[in-house]
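What follows is a single structure, written as structure tokens, with notes after it.
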Amino acid sequence: MTDMAIVASGLRKAFGDRTVLAGVDLEVRAGSVFSLLGPNGAGKTTTVNILSTLLRPDGGTARVAGRDIASETRAVRAAIGVTGQFASVDDLLTGEENLRLMADLQHLGKGGRRVVADLLERFDLTDSAGTLASTYSGGMRRKLDLAMTLVGRPRIVFLDEPTTGLDPRSRRIMWDIVRGLVADGTTIFLTTQYLEEADQLADRVAVLDQGKLVAQGSPGELKRQVPGSHVRLRFADSAAFDSARRVLTDATPEPDNLTLRVPGDGGATSLRRLLDRLDEYAIDVDELSVHTPDLDDVFLALTGHHSAEVTVP
Amino acid sequence: MSTVHDSATMVRRNVKHTLRDPVVLFNAVLFPIVMMFMFVYVLGDGFDVGGGDYIDYAAPGMVMLALCYGMGATATAVNSDMTKGIINRFRVMNISRGAVLTGHVVSTVARTVLGMAAIVGVAFLMGFSPAASFGQWLAAAGLLVLTVLAVTWLTIAFGLAAKSPESAGFFAVPLIMLPFFSSAIIPADRMGPGIRQFAEYQPFTPIIEAVRGLFAGTPDTGATVAALAWCVGIGVLGYVWALRKFARRV
Ligand SMILES: Nc1ncnc2c1ncn2[C@@H]1O[C@H](COP(=O)(O)OP(=O)(O)OP(=O)(O)O)[C@@H](O)[C@H]1O
Ligand SMILES: [Mg+2]
């Protein structure tokens, strides 16, 4: 018996002559949260679809819940739940009916009623249980979608960009739900474009770039490879730029756009000190911005190119 | 066991959809009745159908109109299921294969039969007086249900083959036109050249003639055999095509 919920090796997939996955290996420990990080078009959804038996890989193998995705499809399906990138709820049914539909299809019988009521309660959907899903807000649809996935009490849950397009409050609610699932022992495979989300939730993060995993590790390990936050200062002319360069010796110059990158967390105190120094030397700053590391920084650090270069329009 | 259970669940889902969509219900039940009023009361006197009450001539054709009008909704619904993501949810749930389609077939047949029954009921109120024996009534009903089943499978195949719900709904347009170019409203031999040949050889004419004969108590064996052959042909084509498209989708 292995304590790995998901083991994939050498997954390959191409659509036409466009290679989307070029040999992906990954392991997800049972009961943990694994986050697959990548920009638009990186192949996150393709990976989820393959692992959840919706798509056949061109090459490679994977075991999910100890079963082979190709030869033991039914057993895999019995163990997993999938919440896709785009909410797949039935618009012409109410929230409650959507959940009942899932309960009926899972053959829960009389117990289904209880499960549905519990989920409505837990996802704070009881008040809108009787209204059509087509009238739900984006956040409510996402919650209903996830609730539908959980009706069958899956041991492994795939969440494809569960918080994309949600406001910060709904995002936090979603995060709490995920934490609750993990506390119950569920394994979570989560894709996201947000470094912060992976940071908040994941035990392990993998970064997908051009069909390959370019880094795997805990969020802490990954972030150590990323340059910290910095302040960007832009100057109106090269005279100001040059004098600022002499004063701020630890800054990284970008002469092309008359910009200096000064390491620092952008907190009020350090900002004031920075500006005071420039003031002392009567150097005018044209523009100032505080930069915290994001997915693009991870990409730059790990791959040497910006994430945008991966995206095919 | 689980196939029956899953199919029943899907039928319930589709029936709820139908009941919640007033446009679908209007198209399937009310609109054909409105058409019948129009043809019988407004235009009927202008048609020469060779003696007898126009309502007696028109009723079988109106039943066929009722059959066609609801089908667009089915094509759209089937396509929406395939393209709007819910099918992926069903796929990863180990639901017995085909339950989704069974749900559409059963609910569509039920809705259409209801629409046709309503037409016949209203026709009676308008003076429809068939001479059919009980056995002939049963035969007519059987042939009509067979036609519904065949056209439903063809519709489902279209819904599966279409790229989007909108283009799936477009399938209804030729289907709605077809009865007008058959012997539904006026006999084919009163039509202009070209259209007459089309009307004589398209499937709805023998089906309508067969039903008309049964209603009148004078079964038309030739038309009935042709009607049965068309139904089986359309049904088998639709069924095989639908299953192939479905296999590719899921
Ligand atoms: N069925 C398909 N046919 C052709 N190309 C496809 C298909 N599915 C995905 N692709 C292509 O594969 C690439 C990866 O797609 P995928 O959906 O896996 O990316 P993603 O990481 O989930 O992106 P996003 O963040 O936008 O959801 C894209 O370039 C996409 O155009
Ligand atoms: Mg995606």
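The values are calculated or read from the model by the stated rules, or taken from the named source; none is laboratory data. The shown structure was predicted, so the numbers you read here are calculated from the model rather than taken from an experiment. With ideal geometry, Cβ positions are generated from the backbone for all residues, glycine too; neighbour counts draw on all protein chains shown. These area figures cover heavy atoms from the full protein model, side chains too; ligands, DNA and RNA do not enter into them. Shrake-Rupley method; radii C 1.70, N 1.55, O 1.52, S 1.80 Å.
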- prompt: residue B:89 passes all but one of (1) under 27 Å from residue A:145 (Cβ atoms); (2) open to solvent by 50 Å² or more (accessible area, probe 1.4 Å); which number fails?
  reply: (2)
query: In the list B:83, B:108, B:102, which residue meets the criterion of being touching a Ser or Thr at 6+ places or on another chain (Cβ under 7 Å) and closer than 30 Å to residue B:212 by Cα?
result: B:108
- request: Select from the stretch A:22-47 the residues that are within 15 Å of residue A:8 (Cβ to Cβ) and hydrophobic (A, V, I, L, M, F, W, C) and write down the one among them that is farthest from ligand 1 (Cβ to nearest atom).
  value: A:30
query: On the given criteria, is residue A:24 assigned to a strand (DSSP E or B), surrounded by 20 or more Cβ atoms within 10 Å (Cβ to Cβ) and within 16 Å of ligand 2 (Cβ to nearest atom)?
result: yes
query: Among the helices (runs of 4 or more DSSP H) contained in the stretch A:72-177, which hold 2 or more residues that are of a type in the set (Asp, Glu) and at pLDDT 95 or above?
result: A:95-105
Verdict on residue A:92 being crowded, with 17+ Cβ neighbours inside 10 Å, farther than 19 Å from residue A:193 by Cβ, within 14 Å of chain B (Cβ to nearest Cβ) and out of contact with any Cys (no Cβ under 7 Å at 6 or more places or on another chain): yes
message: Please go through (1) open to solvent by less than 20 Å² (accessible area, probe 1.4 Å); (2) under 30 Å from residue A:133 (Cβ atoms); (3) of a type outside the set (Ser, Thr, Tyr) for residue B:113 and return the number of the only condition it doesn't satisfy.
response: (1)
query: Which is over 23 Å from residue A:24 (Cα atoms) and assigned by TED's automatic domain parsing to the domain that holds residue A:26, of A:196, A:280?
result: A:196
field: Members of the stretch A:45-82 that are in contact with a Ser or Thr (Cβ under 9 Å, 6 or more places away or on another chain), within 16 Å of ligand 2 (Cβ to nearest atom) and within 13 Å of another protein chain (Cβ to nearest Cβ)
entry: A:45, A:48, A:55, A:82
- prompt: Among B:185, B:234, which is the only one that is at pLDDT 95 or above and crowded, with 17+ Cβ neighbours inside 10 Å?
  reply: B:234
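Conditions tested, residue by residue: (1) aliphatic (A, V, I, L, M); (2) free of Cβ contacts under 8 Å to residues at least 24 places away in the same chain; (3) more than 16 Å from ligand 1 (Cβ to nearest atom).
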| position | (1), (2), (3) |
| --- | --- |
| A:128 | no, no, yes |
| A:135 | no, yes, yes |
| A:139 | no, no, yes |
| A:142 | no, no, no |
| A:146 | yes, no, yes |
| A:150 | yes, no, yes |
| A:155 | no, no, yes |
| A:164 | no, no, no |
task: Give just the number: which of (1) within 22 Å of the chain's Cα centre (by Cα); (2) away from every other protein chain (no Cβ under 14 Å); (3) within 16 Å of ligand 2 (Cβ to nearest atom) does residue A:32 not satisfy?
output: (3)
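For the stretch A:63-87, which positions are of a type outside the set (A, V, I, L, M) and either in contact with a Leu (Cβ under 6 Å, 6 or more places away or on another chain) or within 12 Å of residue A:158 (Cβ to Cβ) (or both)? Step through it out loud before you land on a result.
Going through the stretch A:63-87, the residues of a type outside the set (A, V, I, L, M) turn out to be A:63, A:66-68, A:71-74, A:77, A:81, A:83-86.
Selection gives A:77, A:81, A:83, A:84, A:85.
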field: Residues (among the β-branched types (Val, Ile, Thr) and either over 30 Å from residue A:189 (Cβ atoms) or not in a strand (DSSP E or B) (or both)) located in the stretch A:213-261
entry: A:226, A:231, A:247, A:249, A:252, A:259
message: Need pairs with beta-carbon distance below 8 Å; first residue free of Cβ contacts under 8 Å to residues at least 24 places away in the same chain and facing chain A (nearest Cβ under 9 Å) and within the stretch B:73-99, second surrounded by fewer than 22 Cβ atoms within 10 Å (Cβ to Cβ) and of a type in the set (Lys, Arg); sequence gap 6+ or separate chains.
response: B:94/A:74
- prompt: Got a sec? Which of B:43, B:67, B:25 is farther than 29 Å from residue A:85 by Cβ and either within 14 Å of another protein chain (Cβ to nearest Cβ) or touching an Asp or Glu at 6+ places or on another chain (Cβ under 7 Å) (or both)?
  reply: B:25
- request: Say whether the condition of being within 15 Å of ligand 1 (Cβ to nearest atom), in the same structural domain as residue A:185 (by TED's automatic domain parsing) and either in contact with a Phe, Trp or Tyr (Cβ under 6 Å, 6 or more places away or on another chain) or open to solvent by 40 Å² or more (accessible area, probe 1.4 Å) (or both) is met by at least one residue in the stretch A:67-79.
  value: no
- prompt: How many residues are over 22 Å from residue A:90 (Cβ atoms) and surrounded by 18 or more Cβ atoms within 10 Å (Cβ to Cβ) if we restrict to the stretch B:4-54?
  reply: 10
